[in-house]
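Bear in mind these aren't lab numbers, they're just calculated from the coordinates by the rules spelled out. As the structure is a computational prediction, the values presented were derived from the model and not from experiment. Reconstructed Cβ throughout: ideal geometry from the backbone, glycine too, with neighbour counts over all protein chains shown.
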Amino acid sequence: MESAHTIREARGALDAARCGGSVIGFVPTMGFLHAGHRSLIERSVAQTDFTVVSVFVNPLQFAPTEDFSSYPRDLVADVSVIRDAGADLVFVPSVAEMYPEPITSVVRVQDVSSGLESISRPTHFEGVSTVVAKLFNIIGPCRAFFGEKDYQQLAIITRMAADLSFPVTVVGCPTVREPDGLAMSSRNAYLSGPEREAATVLNRALVAGRSVIADGERSPTAVEATLAEVIDAEPLATRDYVAVRSADLAVIDEIAGPVRLLVAAEVGPARLIDNCAAGID
């Protein structure tokens, strides 16, 4: 596996791969990789000819009160996971390489970025869309693989790629879960034993929400009440939001087709999110 620490090195390796006829697969990450990340890399390896994985903790998507400096990092372990998953190139730029000067251009995706995560993290998605746009420009034509756990992020990036005509196909991949249902996340490392057990409440809420819909409930408000009731019953969890939206994250008055259930809560020092598909086929 090759490694690149500069934009020039990454573009050189990718240009060489394309000259050989390779279709590029791209998996952007912030490191501290787990089995969910590995599943994205393995899918790229299976579906493309040359896979590049980026490891970059992006300061633009952290508010001043958030955990940029303490965000978990383990580059040695990350490189091992990336290599073992079969990737061809790891791109590990520094902050100075990505942002040699204070950045004054930002990418904002309207509508789909409103509400949900943006309520408590109002600048987050500008940071995400800006760095992903920059990475798409660095990597070039590719298939880019993103997990569905960050569903609003996936929707924003899909819309951005279409609106700005990036030569990128965005591929959403299923959430990978622990045996007890907890969605895999780098922030799970913050949880103590009792907090780790309590964190399963997010998935339990989603299961309850899907169940009441399967039993015939068609009111988004009623389903949201079920989601909230489950989370609020866990003493170690503080609910941030619950929502029932259309598959494209529009607000709905009635469940008449496929929907997305979305939840967020603080458990100990970690803010966790989860979601699932539900509704009527």
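In table form, for the structure just shown:
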item	result
The stretch 1-129 - Rg over Rh from alpha carbon coordinates, Kirkwood radius	0.99
Relative packing of peptides 262-272, 237-247 - highest average C-beta neighbours within 10 Å first	262-272, 237-247
Acute angle (nearest 10 degrees) that the helix 151-163 long axis makes with the longest principal axis of the chain, alpha-carbon atoms	50
Relative contact order (%) - criterion: Cα under 8 Å, at least six apart; region: the stretch 96-234	16
The stretch 213-261: relative contact order as a whole-number percent, Cα under 8 Å and 6+ apart	37
Highest-first arrangement of 57-64, 97-104, 147-154, where packing means the average Cβ count within 10 Å	147-154, 57-64, 97-104
Per-peptide average of other Cβ atoms within 10 Å, ordering 15-28, 209-222 highest first	15-28, 209-222
Sum of side-chain charges, Ile213 neighbourhood, beta-carbon under 12 Å (Lys, Arg +1; Asp, Glu -1)	-2
Relative contact order [Cα under 8 Å, 6+ residues apart], the chain, whole percent	16
Nearest-ten-degree value, helix 35-47 long axis tilted from longest Cα axis of the chain	60
Reference-scaled alpha-carbon Rg (2.2 N^0.38 Å with N residues) for the stretch 186-274	1.11
Under 12 Å, Cβ to Cβ, from Glu9 - net charge with Lys/Arg +1 and Asp/Glu -1	-1
Diffusion coefficient, µm² s⁻¹, Stokes-Einstein with Kirkwood Rh over alpha-carbon pairs of the chain at 4 °C and 1.567 mPa s	66
Degrees, to the nearest 10: 201-214 long Cα axis against longest axis of the chain	60
Fewest-first ranking of Asp253, Asp111, using other Cβ atoms within 10 Å as the exposure measure	Asp253, Asp111
